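All of the numbers you see were taken from the coordinates with simple rules; none came from a lab. Just so we're clear, the structure is a prediction, and the values are computed from it rather than from any experiment. Cβ placement follows ideal geometry from the backbone for every residue including glycine, while neighbour counts extend to all protein chains displayed.
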Amino acid sequence: GEGMEQAWQGCGEDEEERERGEGRERRVATKRVDGIREIQGRGRVDNKESSLPSPSSTPRARGWLAKVKPARCRSIALMLMLFLIKTCCCFVPTMPGRGVLSGRPQKLCAKGGLRLLHCFLSPPPAPAALHALKMSADEGIEWGAERGRDDGAGNGGSMLKEPASELVEAALNNAEAVIRAAGGCIDSLSFGREWKSMFPDFPRSMFDGTRISSFNKLLSVYGADRFVIEETKKKEIKLYVLKDAKGREGREAYMRAEEQLAELAASPLGAFFEIRGGRMRAGLSKSLPPNLASYTKLDLLLDAIEPNLVAFAGGVSSVSGRDAVTCLNHIKRLQYQAKYPVQQTRVSSFVRAFADIAKQSMQTLSSKNTALLLNALSDREGYEPLLELASLHLQELAKMAGGEGSQELDAEDFFTPQAVAVIVNAYAKSERRDAALFRAMSRVVQHLRPETFDAQAVANIANAFAKADVRPRDEKLFEVMRKIARGIEWEGWNPTALAVLSTALVKVGSLDEELMVYLCKCAVLIYEAQGASAFSSPAAVAALLSSMVEAKVAEETFFAAMATSVEENLKLAHTMKYDTKKNFLVPKNNNKPVKKLSGAQKSAKRFIDSCNGALVASIARNLRMRGKLSSELSSRLSLLCRELSLGNGHAESVADAIAAFAPSADKATTLFLSDCILLLPLQVLKSSATVSDLLVAMAGAGWGDGAAAAKLVTAAVGIESYTGEEVVSILESTRKLNMPRHFAPLLSHMQKVVVMILKQGTDCNTRPYAAMSAKQLSAVAGILHEAGAVNSSLLDEYVRALPLLKLSPTDEKALLEVGAVLEEEGRKQDAETWRRKASENTLIAKISQLG
């Protein structure tokens with residue numbers, strides 16, 4: 001308080017001094033300004049203003065003030081007051097004001113702090129100075145208003161004009177119509193959208209330069225008597241409500257809908273809503289998540305597409321048939337990961353849901369999408385109605401492409417060879433014999449241009465028609481397939497396509513020696529161009545070798561190339577040790593991993609990874625039959641077969657292994673083969689074909705393991721049903737194996753079996769037939785006669801079967817041999833009948849050759 005009084009006294013003393021002369025006044029003011037600038041400089045830290053501490057805030061400050069002499073208190077109090085005024089003025093808004101001394105209009109702001117200071121330093125005493133400051137502020141406000149009015153009068157373009165009343169009334173009527181159409185209540189964003197929809201030609205540009213800059217201004221300023229504007233949770237969105245009963249009802253309905261939408265948005269269905277106009281609205285169709293092909297985990301894939309199903313089930317979104325097909329194929333791609341019942345159940349539910357969607361949208365699917373749908377469901381049970389519906393749809397597409405009897409079929413606009421291949425393979429895999437569909441697809445294939453086919457499509461189509469076994473056989477289709485295949489250059493083929501096509505042609509008996517030789521040459525050219533790495537699939541190699549052996553193709557270069565490719569892959573694989581835990585190849589004598597594999601190493605790795613005992617045995621057997629199984633290659637394959645095992649119950653693979661390895665088997669291989677037979681389940685040995693194949697393999701290899709052969713002969717005696725070919729095979733094989741102790745029971749049993757077979761044919765009520773051929777009857781009669789096991793009942797059935805035999809020109813020798821057996825058994829008249837039949841057959845054969 002004393003400091004402030006001294007400051008005011010100081011102001012009085014300075015006033016007296018200034019009365020002595022204006023020069024003195026300027027010098028004093030300059031000193032004061034310099035002092036203020038000094039204070040401002042002390043109060044800045046890093047060019048930022050900061051407050052001065054209070055005198056008692058710190059001990060250092062209190063000590064400094066204690067040392068100040070009373071004479072200087074006036075100056076210190078003045079500086080503190082000036083600093084407070086300066087700080088306070090920083091928060092005073094800018095406004096026009098008049099100088100207290102000069103009377104000129106000046107801006108009163110932070111920078112005007114010195115002018116306020118000047119008011120305190122000016123001649124009027126403090127109360128007068130404060131009164132003058134107040135008057136200055138009042139006058140400044142009035143002056144500002146007058147100036148604003150003067151400026152508005154002087155510049156008419158800066159003032160907002162009133163809109164025309166007719167225009168305002170029309171706008172208000174339109175606004176009321178929009179709100180009533182919405183139920184009496186609508187949000188501002190939806191209001192703008194609906195206005196544009198209902199009144200697209202309204203001249204909104206007429207409001208430019210007026211007070212109406214938005215719909216909010218229009219309704220709040222000019223429509224307050226007709227509308228209520230309410231705030232919402234979103235500041236930028238308002239709610240427009242009519243001031244009548246319609247508005248109240250609309251507002252209540254709007255709030256109820258908002259609550260429902262809030263609950264729905266918090267549920268899983270919320271992901272399928274889009275924000276449009278401030279409201280949540282369900283989209284007509286929700287697209288699938290992007291990059292489904294990038295998903296490598298089944299659970300993540302199902303999590304990504306589950307909201308689509310939830311939305312579809314909730315009726316807030318739709319899933320197109322095409323998207324459903326896409327999801328089904330991605331699920332099939334990763335369904336192998338469903339190892340637990342919970343995962344399998346989840347996958348099944350997803351597949352069922354998307355299949356139902358695709359079924360409902362079947363008429364919108366193209367042939368490609370239909371093919372993908374069939375491919376996704378072909379290996380699943382319970383989808384027969386969908387397959388039937390797809391078949392009808394595809395037949396309709398085939399008719400649209402030209403149909404039966406069409407002069408010009410534009411099938412390429414509806415089908416591609418690849419789509420047809422997928423379709424027929426899906427139906428063949430499902431074991432559905434849909435003759436109508438296969439006929440329709442056959443017509444489509446025959447009208448497609450040959451240049452649109454690739455090797456894979458040709459192979460898959462031929463394989464599907466061969467597997468489906470639709471009767472009568474479509475010979476015209478296979479003729480087209482053979483023609484197209486001959487036109488594809490060897491560069492367009494791969495080992496898999498070669499194997500699939502050759503296997504299909506052998507299965508249906510549609511053999512073309514020229515084509516089979518061409519396929520062999522293509523395989524040789526592929527090996528010469530790409531080496532053994534091209535044949536990294538043991539399944540393709542095994543199938544290709546089997547089909548060419550069965551077709552009796554004598555291409556030595558082909559079999560030599562296959563043997564070399566297998567041997568090269570095995571050599572490289574045996575020089576490397578594959579570490580399954582770390583997933584890389586390492587040299588046998590070095591623990592350093594080979595992280596970057598060469599092409600040959602990758603081929604060897606794929607070959608070993610894809611091998612199983614059955615494939616190894618098949619490859620070895622076919623190479624041995626063609627004389628291309630060297631001792632070194634046989635040793636490598638037998639070792640690999642023992643490591644991989646043949647599995648329990650694979651009798652056909654055991655037969656292949658016996659035929660391949662038994663002729664040159666070492667002790668380890670012999671024990672391995674014997675164990676394979678002894679470990680076969682009895683259920684497997686109840687098949688006559690299995691027992692026949694195993695005995696034939698043992699006899700062909702000259703391998704007569706006593707325990708194994710005894711088990712097979714014992715199993716053969718217990719089987720009641722045979723074919724004529726199986727009877728002959730078992731009798732001949734057992735005789736070669738030289739097993740007298742087991743041969744007698746087998747002969748007795750086989751004689752009964754032959755009598756039963758012949759009786760089934762001769763006693764047939766509809767059409768009697770000979771159940772065995774002349775060659776088979778001759779072989780059985782010779783073996784039984786040699787062993788002394790022929791009885792009268794068997795000879796009686798021979799005589800009854802003679803008139804029913806279907807003879808060929810080469811059966812003369814067989815008929816004469818049976819006649820000789822009959823004569824030796826004391827039935828000369830019957831023997832003469834068989835000789836006479838042989839002479840007639842020979843005469844008929846000669847006549848047929850002449851005519």
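Among 628-641, 722-735, the peptide with the highest mean count of other Cβ atoms within 10 Å heads the list, and the full ranking is 722-735, 628-641.
So which of Lys507/Lys806; Lys332/Lys628; Lys667/Lys775 end up more than 31 Å apart by C-alpha? The pairs that break the limit, which is 31 Å between Cα atoms, are Lys332/Lys628; Lys667/Lys775. Taking a label point 7 Å from the Cα of Leu816 along the Cα→Cβ vector, which residues of the range 763-807 have an amide N closer than 16 Å to it? It comes to 775, 778-779, nothing else. Rounded to 0.05, the FRET efficiency of the Arg346 and Lys806 pair, given R0 = 45 Å and the Cβ-Cβ distance, is 0.20. Placing +1 on the Cβ of every Lys and Arg and -1 on the Cβ of every Asp and Glu, with nothing else charged, gives the range 399-541 a dipole about its Cα centre of roughly 560 debye.
A simple spin-label model places pseudo-atoms 7 Å from Cα toward Cβ; at Ala710 and Ile229 they are separated by 10.8 nm. Maximal additional length on extending the Ile844-Glu491 stretch stands at 122.0 nm, based on 0.36 nm per residue less the C-alpha distance.
Each residue, Leu167 and Glu451, gets one label point 7 Å from its Cα in the Cβ direction; the gap between the two is 6.8 nm.
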